[in-house]
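Student: Have a look at this one.
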Amino acid sequence: MPLATEPITINVGPQHPSTHGVFRMRVTFDGEEVIDVEPIFGYLHRGSEKLAESRTYTQIVTLTDRMDYVASMNSNMSYILSVEQLAGIEPSPRGVWLRMIAAELQRIASHLVATGFFLQDLGALGTPLIFTMRERELVLELFERLCGARITSSYMRPGGVFMDAPDDFWPALDRFLAEMPHRIDEYEQLISGNEIVMVRCDGVAVVDSQTLINASVTGPMLRASGVDWDLRHRQPYEYYDQIKFNRPLATASDNYARYIVRVHEMRESLSIVRQCIEQIEPGPVRPKEVPALIRPPAGDAYVGTECPKGELGFYLVSDGGVAPYRCKVRAPSLINLTLLRDMLIGYKLADLFVTFGSIDINMGEVDR
Amino acid sequence: MPDPFDSVLYRHIYCTLSSTADAQCEGVGLFGGGLLPGGFEWLAFVLTGVIIVAALINGILGAVLLMIWGERRLLGRLQGRTGPNRWGPFGLLTPIADAVKTMFKEDVVPTVSDRLVFTLAPILMLFPALLVYAVLPIGHGTWLADINVALLFIVAIGGANVLAIVAAAWGSGNRYAMFSAMRAVAMLISYEIPLVISLVGVIMLSGSLSLVAIVNAQTIPFFIIQPLGFFVFVVASMAELNRTPFDVAEAESEIVAGYMTDYSSMKFGLFFLAEFAATIATSGVITVLFLGGWHGFDPIPSQIWFIAKMVGVLALIVWVRASWPRLRIDQIMAFAWKALFELTLINLVVSGLLMLAWPSPSTTELWYMAGINWLVFIASIILFGKLLGPKHDPVSAGNVQRDVTLSDSDAPAIPSGGGG
């Protein structure tokens, strides 16, 4: 007598320990095997794009903090660059260097979060997560010195940043730069060579680079498939053209590759921060001629920036008023998430969350 | 049938209660003995049993509370934080606060649940965990029962918790729970086999299934003579206990809390209690079978030796939990059938041949056995690591950059876009 089986459908989330916020997947399983995934999001929708239409250009900075709240500096920077292009503001050099330092530190913090939660999804009970959170704390303390805020920093302004770094920031930054490489080595010892991590991640959720490009996936996920696409290098913004840095590339395009690319990007970010410290010079952090109330001429602007999760850009349309006519966010989290279904079909239930963690999304940015 | 008077606990309590006329109590009982008049020996027998069992169960509950505290503290230290330290000295009273909180929680029973099964499952889970202690010798002359099939008894009731897991999952009518139950059944049944076969070496060496006899046979702790058996038994025990890296049945990052998802209040508390009681019992069994049980140096009492070794095993389990991620269910099954099962068979054959060579080994011959077994252990572990490890060369020492290339080529920069 043949055994009758039937697929089972489970709603994973929005209340689930590993959905990184309020994300929901309607997953159909055949035994342990995933045969269909339907991502459902929007639980954290706050209408940020619409809210932006009724705020001045400076006020919108606080909205960008709350999109990707583990990489707020990068969101700030992306938005500010669009405003500067739209209004034709020439930023002051010290402000730009400070923005780059803040953005690269934030990239380290964001990759730490991604790595920690990725290992948490693998089932490592807290230890890697707490280690990475400990190091993220160092970055957040630096931000506290830099601008007073830890998560929602709102540090950047059109033309530069709102205040210069205090004197005690620089020694603290040096201490961090001296300490951090050892901490990254520590993760690599704990995680990178671990047999269980290897067998769990090797060859899981492989996507070829053409599929990734077709889905306009960017960031570490794309670089893990061997495509050398980093906007800091390809379309240099700020002063990234004056910086020498490597782009870590992996070819496997599996979960392990996505993890290891992030670890190596942290090392590169440290080197970028070091170069920024060498080149930064005293001066105003913001040109005096930037008006308090910015009225850009009618037109539109878009600057894509390389955020920890991929290309983040703000498409701003101005009608000449104090608030943008339209503010459209190209959110890397949302676009990278679109491949989730293709990545998961045929893999096991346990791979579901590991893959989800390896994409590294932030629901604040997905839903906005 | 062994005499219950072998047990120090039984002898003292029985003789304190029983009448002075009892011939077996020559100068043993406390307070001069004989609290009950003559003719009431049967009552003394019953009361002794009740007292010992009550003391043991309360002792287990106390041990579980200490274990929860110890695990959280140790886990905290391993993770670079303090762990619970607010309530009581070193936070020792934290588990009591937790227990009180658990008892006062609302007891939610899902409407789709099968009420009877849902309620019985936690109780069913707790019993096997407690029953192990009946045969566990925790010191010289300190045991509840020294039955001659104790090892078989432990193996038999060790498999009973699968039933409770399935009952809990079925009773709660939750799909996460069903996933957990299916995983648990597949895994626990698979690991039962290497677990049992790995014990054969111990039985051959000691010539008995009685735990007391096994401890007495260990002039050299058996983990030195039987490294392969020890390794397989510890790994399989961790799988039986659903501990990391085999905790797929309650993988909280995948299936929330597995079969416990819908449980709350004291029903959940019972699951928790059973899990920790089983962990302590298993580390006790490991201590008895492989670490020489209560043997130690003289001035320190044998019970302290036993508990110290047991705490060491518990610390090892917590250490593993703190450092390793979880395996996937198919990998766990593959590990059981492709590695552990073969390893136990190797152990079985090698131990059998050695026993044929030295049927009643002296201490020197035991050391020879240990040497040969260690060679076999190292060789087979290396062999199986090569056969079953990650397929392509993962991370060779000093080169963690697995196919990561650092690109600094000046690829043609695309003109800066934007601007409309």
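Read-outs throughout are calculated quantities, based only on the coordinates presented, and are distinct from any laboratory measurement. Keep in mind the model is a prediction, meaning the values are calculated, not measured. Please note: Cβ atoms are built from the backbone with ideal geometry, for glycine as well, and neighbour counts cover all protein chains shown.
Student: Under the rule a/c < 1.5 gives rounded, and otherwise a/b versus b/c splits prolate from oblate, where does the stretch B:131-289 land using the Cα gyration tensor?
Tutor: Prolate, because a/c is 1.5 or more and a/b exceeds b/c.
Student: What value in Å³ per residue do you get for the convex hull of the alpha-carbon atoms in the stretch A:276-368?
Tutor: Hull volume over Cα atoms, normalised by residue count, gives 155 Å³.
Student: Then there's this: For the protein assembly as shown, just the Cα set please: Rg and Dmax, both in angstrom.
Tutor: 31.7, 111
Student: Under the definition of partner shielding as Cβ atoms of other protein chains within 10 Å of a residue Cβ, what is the mean value for peptide B:247-259?
Tutor: Mean inter-chain Cβ contacts per residue within 10 Å come to 5.
Student: May I ask for the distance between the Cα centers of the stretch A:293-349 and the stretch A:234-264, given as a whole number of Å?
Tutor: 20
Student: Compare the Cα positions of A:357, A:277, A:48 along the charge dipole of the protein assembly as shown (+1 at Cβ of Lys, Arg; -1 at Cβ of Asp, Glu; about the Cα centre) and return the one farthest towards the positive end.
Tutor: Most positive-ward Cα: A:48.
Student: Grab the beta carbon distance between residue A:38 and residue B:97, set R0 = 51 Å, and tell me the FRET efficiency rounded to 0.05.
Tutor: It comes to 0.75.
Student: Turning to a different aspect of this structure: For labels at residue A:174 and residue A:46 in the simple 7 Å Cα→Cβ model, what's the distance in nm?
Tutor: 3.8
Student: Follow-up. Farthest toward the dipole's positive end in chain B, which of B:172, B:152, B:289, given Cβ charges of +1 (Lys, Arg) and -1 (Asp, Glu) about the Cα centre?
Tutor: Farthest towards the positive pole: B:172.
Student: Taking the number of other C-beta atoms within 10 Å as the exposure measure, put B:253, B:362, B:302, A:110 in order starting with the fewest.
Tutor: B:362, B:302, B:253, A:110
Student: Another question, if that's okay. Among A:339-346, A:159-166, what's the highest-first ranking by average C-beta atoms within 10 angstrom per residue?
Tutor: A:159-166, A:339-346
Student: Then there's this: Among the lysines in chain B, how many pairs, 8 or more places apart or on different chains, have alpha carbons under 30 Å apart?
Tutor: Lysine pair count for chain B: 4.
Student: Along the Cα→Cβ direction, 7 angstrom out, place labels at residue B:364 and residue A:341. What is the inter-label distance in nm?
Tutor: Those two pseudo-labels are separated by 7.6 nm.
Student: In chain B, which helices (entire DSSP H runs) extend 20 Å or more along their own long axis, judged by Cα positions, while averaging at least 1.0 on the Kyte-Doolittle scale?
Tutor: B:41-78, B:115-131, B:175-198, B:265-290, B:302-323, B:341-357, B:363-388
Student: Moving to a separate point now. If amide hydrogens are placed 1.01 Å from N in the peptide plane, which non-local residues have theirs closer than 5 Å to the one on residue A:326?
Tutor: A:317
Student: Measuring from centroid to centroid over Cα atoms, what is the spacing of the stretch B:82-122 and the stretch A:108-181 in Å?
Tutor: The stretch B:82-122 and the stretch A:108-181 have Cα centres spaced 36 Å from each other.
Student: For residue B:107 and residue B:334, what does the FRET efficiency come to when R0 = 35 Å and r is the distance between their Cβ atoms, rounded to the nearest 0.05?
Tutor: That gives a FRET efficiency of 0.30.
Student: Mind putting a number on the dipole of the protein assembly as shown about its Cα centre? Charges go on the C-beta only, +1 for Lys and Arg and -1 for Asp and Glu, and I need it in Debye to the nearest 20. Display every interim value, and only then the final one.
Tutor: Values: 57 positive and 75 negative charges, 209 e Å.
Here the protein assembly as shown has a charge dipole of around 1000 debye.
Student: Now for a separate question. Which value in nm describes the separation of the simple spin-label points at residue A:137 and residue B:114, placed 7 Å from the Cα toward the beta carbon?
Tutor: Label at residue A:137, label at residue B:114, 4.8 nm between them.
Student: Continuing with this model, one more query. Which one, B:374, B:205, B:325, projects farthest toward the positive side of the charge dipole computed for the stretch B:112-389 from Cβ point charges (K/R +1, D/E -1)?
Tutor: Farthest towards the positive end: B:325.
Student: Apply the membrane-span-like helix rule to chain A: whole DSSP H runs, Cα extent along the own long axis of at least 20 Å, mean Kyte-Doolittle hydropathy at least 0.0. List the helices found.
Tutor: Within chain A the helices that satisfy the rule are A:72-87, A:93-122, A:127-147.
Student: So how strong a dipole does the stretch A:186-261 carry about its Cα centre when Lys and Arg Cβ are +1 and Asp and Glu Cβ are -1, to the nearest 20 debye?
Tutor: Using Cβ point charges on Lys, Arg, Asp and Glu, the stretch A:186-261 gives about 200 debye.
Student: Okay, moving on. Charges only on Cβ, +1 for Lys and Arg, -1 for Asp and Glu: so what's the dipole of the stretch B:112-389 about the Cα centre, in debye to the nearest 20?
Tutor: Value, rounded to 20: 280 debye.
Student: With a ≥ b ≥ c the root eigenvalues of the C-alpha gyration tensor of the stretch A:37-150, is it rounded (a/c under 1.5), prolate (a/b larger than b/c) or oblate?
Tutor: Since a/c reaches 1.5 but b/c is at least a/b, the shape of the stretch A:37-150 is classed as oblate.
Student: Among rounded, prolate and oblate, which fits chain B when a ≥ b ≥ c are the square roots of the eigenvalues of its C-alpha gyration tensor, a/c under 1.5 means rounded, and a/b larger than b/c means prolate?
Tutor: Since a/c reaches 1.5 but b/c is at least a/b, the shape of chain B is classed as oblate.
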